[in-house]
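The values are calculated or read from the model by the stated rules, or taken from the named source; none is laboratory data. Given the structure is predicted, the values throughout are model-derived calculations rather than measurements. Note that each Cβ is placed from the backbone with ideal geometry, even for glycine, and that neighbours are counted across all protein chains shown.
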Amino acid sequence: MNLVTVSGPPSSGKTSVILKTIEAIKKRGLSVGVVKFDCLYTDDDKLYEKAGVPVRKGLSGALCPDHYFASNIEEVVKWGNKKNLDLLITESAGLCNRCSPYLKGIQSICVIDNLSGINTPKKIGPMLKTADIIVITKGDIVSQAEREVFGSKVNSVNPQAVTIHVNGLTGQGAFEFSTLLYDEDENIETVNNRQLKFPMPSALCSYCLGETRIGEEYQMGNVRKMELSDKNG
């Protein structure tokens with residue numbers, strides 16, 4: 001079984017791209033399954049079911065979705081192997097830009113859209129900077145010049161990644177993208193002992209543990225304060 005991880009900011013078009021790509025992969029006679037990770041709510045699993053794709057979803061609730069992913073990915077891989085899948089796609093939640101839901105040796109894909117702003121690539125951390133493939137969506141809404149400038153910004157942040165444009169509505173580019181996802185020589189039976197590409201956001205403070213009161217006397221653990229004083233004090 002091959003395993004890939006798809007992440008990206010909220011509403012960047014991850015699910016649409018995956019669905020169009022699965023259509024192309026199925027034409028090659030390969031079986032594909034999806035595990036959808038989200039925070040509070042998702043009905044994307046119904047879209048996958050409608051397309052005849054084996055799917056499971058998990059909601060992290062009050063937990064950091066990255067930590068939730070890392071705590072469940074081994075069981076997810078076991079589920080995929082039990083289903084005899086050729087390719088298992090894990091789709092992360094629409095995460096904050098600091099997140100890093102990638103494993104070393106597992107193909108990592110970041111989906112980002114042309115409408116997110118010209119400086120957005122610089123604002124995204126490991127989710128974009130450590131991706132193996134970057135999928136740029138919604139290119140049909142902007143001009144050719146805007147697409148080229150945005151692509152250049154993405155390339156400046158992660159020059160090692162393969163960058164591809166995919167239209168989640170029409171499926172343009174999905175076939176080309178699908179050819180990058182499956183390697184016949186790869187067989188992932190477990191991800192036990194694999195490492196994250198980048199450490200997760202670090203925080204263990206009183207608010208992590210349920211504190212709701214504001215004030216320095218209620219703040220404990222990993223707390224960082226802003227520097228607000230000017231040069232004159």
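Residues that are among the aromatic types (Phe, Trp, Tyr) and either part of a loop (DSSP other than H, G, I, E, B) or at pLDDT below 90 (or both) were ranked within region 161-211; the one that is farthest from residue 23 (Cα to Cα) is 207.
Among the residues making up region 58-91, those that are acidic (Asp, Glu) and either farther than 28 Å from residue 209 by Cα or touching a Ser or Thr at 6+ places or on another chain (Cβ under 8 Å) (or both) are 66, 74, 86, 91.
Looking at residue 214, is it part of a loop (DSSP other than H, G, I, E, B) and surrounded by 13 or more Cβ atoms within 10 Å (Cβ to Cβ)? In short, no.
One residue stands out in region 1-57 among those that are touching a Ser or Thr at 6+ places or on another chain (Cβ under 9 Å), of a type in the set (S, T, N, Q) and in a strand (DSSP E or B): the one that is surrounded by the fewest Cβ atoms within 10 Å (Cβ to Cβ), namely 5.
Screening the candidates 156, 143, 206 for the property of being closer than 28 Å to residue 122 by Cα, without any contact (Cβ under 8 Å) to a residue 24 or more places away in the chain and hydroxyl-bearing (Ser, Thr, Tyr) yields one hit, 143.
In region 158-211, of all residues being surrounded by fewer than 14 Cβ atoms within 10 Å (Cβ to Cβ) and on the phi > 0 side of the Ramachandran plot, the one that is nearest to the chain's Cα centre (by Cα) corresponds to 193.
Residues checked against (1) touching a Pro at 6+ places or on another chain (Cβ under 7 Å); (2) within 21 Å of residue 181 (Cα to Cα); (3) at pLDDT 95 or above; (4) not polar (S, T, N, Q):
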{"residue": "13", "(1), (2), (3), (4)": "no, yes, no, yes"}
{"residue": "21", "(1), (2), (3), (4)": "no, yes, yes, no"}
{"residue": "43", "(1), (2), (3), (4)": "no, no, no, yes"}
{"residue": "62", "(1), (2), (3), (4)": "no, no, no, yes"}
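Could you tell me whether any residue of region 85-108 is assigned to a helix (DSSP H, G or I) and either touching a residue at least 40 places away in the same chain (Cβ under 8 Å) or closer than 25 Å to residue 190 by Cα (or both)? For region 85-108, residues assigned to a helix (DSSP H, G or I) and either touching a residue at least 40 places away in the same chain (Cβ under 8 Å) or closer than 25 Å to residue 190 by Cα (or both): absent.
Taking region 113-160 as the search range and keeping residues that are assigned to a loop (DSSP other than H, G, I, E, B) and β-branched (Val, Ile, Thr), which one is modelled with the highest pLDDT? Ranking the qualifying residues of region 113-160, first place goes to 130.
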